[in-house]
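Below you'll find the structure, written out as structure tokens, and then a few comments.
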Amino acid sequence: MNRSALLPLLLLSLTVACSRRLESTSLGLQYEPPSGMALRTEEPGPPAVTRFEGGLEVRSVEGKPPALGAPPEEVLGAAGLSVPGNQMNATQGTLPAGPVARYEFQQGGSRTLVYFLPLPERFVLVLYTAPERDYGPGSARVERSLSTLKPTR
């Protein structure tokens, strides 16, 4: 093989090897987490839970989702979670994957960001928890990555 034929193969293999994209059948979605937040574990559930380095977690909960405007206690409770501290704010918006609710909580020296994406027969939660000093840059990276979140079922 000559060099010009070898270069495209090398670039393709590097791209595939460096891809962070997760395609999970248990979560029923595709997602590319921020750099530095590599996949740690994936549990099929129920609920299906995928944990990444750096305090990022994605959950897919089967069943009828709470309403988009439901209080965070109801949303998190439906996923088997408790509220992670004092609620700082709650807003609604839209991602490419659909309408979402966004919550922020503070407890002690850490903060938690929660995105709630209701789907027809289930809902997805994206949770990011970090110490106060790391929360701002980390949450911004997580929020930018949410444009890659795509339900596959």
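The values are calculated or read from the model by the stated rules, or taken from the named source; none is laboratory data. All of these numbers come straight from a predicted model, not from anything done at the bench. No Cβ is skipped: glycine too gets one built from the backbone with ideal geometry, and neighbour counts run over all protein chains shown. Keep in mind that these areas ignore ligands, DNA and RNA; they rest on the heavy atoms of the full protein, side chains included. Shrake-Rupley method; radii C 1.70, N 1.55, O 1.52, S 1.80 Å.
Quick one: in segment 48-62, which of the residues that are open to solvent by 40 Å² or more (accessible area, probe 1.4 Å) and touching a residue at least 24 places away in the same chain (Cβ under 8 Å) is nearest to the chain's Cα centre (by Cα)?
My answer is G54.
If you check P44, P151, P71, which single one turns out to be at negative phi and either aliphatic (A, V, I, L, M) or in contact (Cβ under 8 Å) with a residue 24 or more places away in the chain (or both)? Full working, then the answer.
Working: P44 fails: either aliphatic (A, V, I, L, M) or in contact (Cβ under 8 Å) with a residue 24 or more places away in the chain (or both); P71 fails: either aliphatic (A, V, I, L, M) or in contact (Cβ under 8 Å) with a residue 24 or more places away in the chain (or both).
Residue meeting the stated conditions: P151.
For segment 93-117, give me each residue that is open to solvent by less than 10 Å² (accessible area, probe 1.4 Å), under 17 Å from V58 (Cβ atoms) and of a type in the set (F, W, Y).
Y103, F116
Can you tell me which of R122, R102, R111, R51 is at pLDDT 95 or above and more than 22 Å from T148 (Cβ to Cβ)?
Just a single option satisfies the conditions, and that option is R111.
Being farther than 16 Å from K150 by Cβ and open to solvent by less than 30 Å² (accessible area, probe 1.4 Å) is true for just one of A38, A70. Which residue is that? Don't jump to the end; show me each part of the working.
Values: A38 fails: open to solvent by less than 30 Å² (accessible area, probe 1.4 Å).
Answer to the selection: A70.
Only one of A90, A79 is within 15 Å of the chain's Cα centre (by Cα), surrounded by 14 or more Cβ atoms within 10 Å (Cβ to Cβ) and among the small types (G, A, S). Can you tell me which?
After applying the criteria, what remains is A79.
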